[in-house]
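Quick notes on the structure that follows.
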Amino acid sequence: MRFDVYGRYRLEILRTAGGWQVYRETAGKRVPAHDLVLPPDLDAADIPAYLDDLLHELSPPGGRIVPL
């Protein structure tokens with residue numbers, strides 16, 4: 001799953017055996033985002049809302065996390 005985070009950057013999130021792995025996409029490269037940890041039992045449908053709860057301070061007025 002890929003997400004645009006408030007137009008600031010993009011994340012790719014992959015399900016792993018132990019939960020979720022988050023990557024930040026930068027200049028065509030994928031870098032692990034160790035500062036973002038998703039609960040292993042988090043449902044995929046709940047990821048945008050969870051990211052919004054974590055990252056809302058980066059949001060401009062009316063900003064959204066958009067699935068890509």
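The values are calculated or read from the model by the stated rules, or taken from the named source; none is laboratory data. Not measured: the values here are computed from a predicted model. FYI the Cβ positions are ideal-geometry reconstructions off the backbone, even for glycines, and counts take in every protein chain you see.
A few remarks follow.
- Spans of strands (runs of 3 or more DSSP E) in the chain with at least 1 residues among the acidic types (Asp, Glu), surrounded by 12 or more Cβ atoms within 10 Å (Cβ to Cβ) and touching a residue at least 40 places away in the same chain (Cβ under 8 Å): 2-5
- Among the numbered conditions (1) modelled with pLDDT of 95 or more; (2) closer than 17 Å to LEU68 by Cβ, the only one that LYS29 does not meet is (1).
- Note on the range 21-41: residues that are within 14 Å of MET1 (Cα to Cα) and more than 10 Å from the chain's Cα centre (by Cα) total 2.
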